[in-house]
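All remarks here apply to the structure that follows.
The values are calculated or read from the model by the stated rules, or taken from the named source; none is laboratory data. The shown structure was predicted, so the numbers you read here are calculated from the model rather than taken from an experiment. Quick reminder, even Gly has a Cβ in these numbers, built from the backbone with ideal geometry, and neighbours come from all protein chains shown. Surface areas here come from the heavy atoms of the whole protein model, side chains and all, with no ligands, DNA or RNA. Shrake-Rupley method; radii C 1.70, N 1.55, O 1.52, S 1.80 Å.
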Amino acid sequence: IVLRGWNDWVTSPMQKGKRVPSNLVTEATLPVLNVLWILMKYFKIQCSQLKLRPSMDHVYLCAPLGEAIRMLKGLPNTTEQDVATVIDALLTATYLDGDQKAAVRVVLHEASPAFRETQET
């Protein structure tokens, strides 16, 4: 019974002939987004204190953000462009909206086992 429940949680359902993010991806999106948002705000404060323009060139100033970016790049089926899209969306934002959430959801969905299974079939 527990195994079935977990499989339902991580399985990517079909809607209108397309795979949509699993419940796991949907539930994980907001916490991941919030952590990235907090790290990005911290990074922007550091850049401001040093009178630098926040950019990927200065990510080394915020080791936790750099590590989070490395972890995102290490996710299965995730490209540099996917991660760059997420980071760019957060760098340019002054407040959180659906664009950043969608970018994070896409990365998590493409890294999920359910997405890989659909690519293999």
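Please report, in debye to the nearest 20, how large the charge dipole of the chain is about its Cα centre when each Lys and Arg carries +1 at its beta carbon and each Asp and Glu carries -1 there. Don't skip to the end; give the middle numbers.
Numbers: 13 positive and 12 negative charges, 40 e Å.
For this selection, approximately 200 debye.
Ignoring ligands, DNA and RNA, what accessible area per residue does the chain give at 1.4 Å, in Å²? Write down the numbers at each step before the final one.
On the way: 7880 Å² over 121 residues.
The answer is 65 Å² per residue.
What's the angle, to the nearest 10 degrees (0 to 90), between helix 63-74's Cα axis and the longest principal axis of the chain?
Between the helix axis and the principal axis of the chain, the angle is about 30 degrees.
Please give the calculated 222 nm ellipticity per residue for the chain, where each DSSP H segment of at least 4 residues contributes -39500 (n - 2.57) and the sum is spread over every residue; nearest 500 deg cm²/dmol? Before the final figure, lay out each step's value.
On the way: 6 runs with 83 residues, N = 121.
So the calculated ellipticity at 222 nm is -22000 deg cm²/dmol.
Roughly how many percent of the accessible protein surface of the chain is carbon and sulfur, given a 1.4 Å probe and a whole-percent answer? Can you show the working numbers first?
Details: 4650 of 7880 Å².
Its accessible area is 59 percent carbon and sulfur atoms.
So, R0 is 30 Å and r is the distance between the beta-carbons of residue 9 and residue 57; what FRET efficiency does that work out to, to 0.05? Before the final figure, lay out each step's value.
Numbers: r = 40 Å, r/R0 = 1.32.
Given R0 = 30 Å and the Cβ-Cβ separation, E is 0.15.
Applying the Karplus parametrisation 6.51 cos²θ - 1.76 cosθ + 1.60 with θ = phi - 60° to the phi angles of the range 41-51, what ³J(HN,Hα) value in whole Hz is obtained for each residue in order, glycine and proline being reported as x?
With the stated coefficients, the range 41-51 comes to 4, 4, 4, 5, 5, 4, 5, 4, 4, 8, 6 Hz.
Find, among the trypsin sites (Lys or Arg not before Pro) in the range 1-100, those assigned to loop by DSSP (not H, G, I, E, B) with at most 10 other beta-carbon atoms within 10 angstrom.
Those satisfying the criteria are 16, 51.
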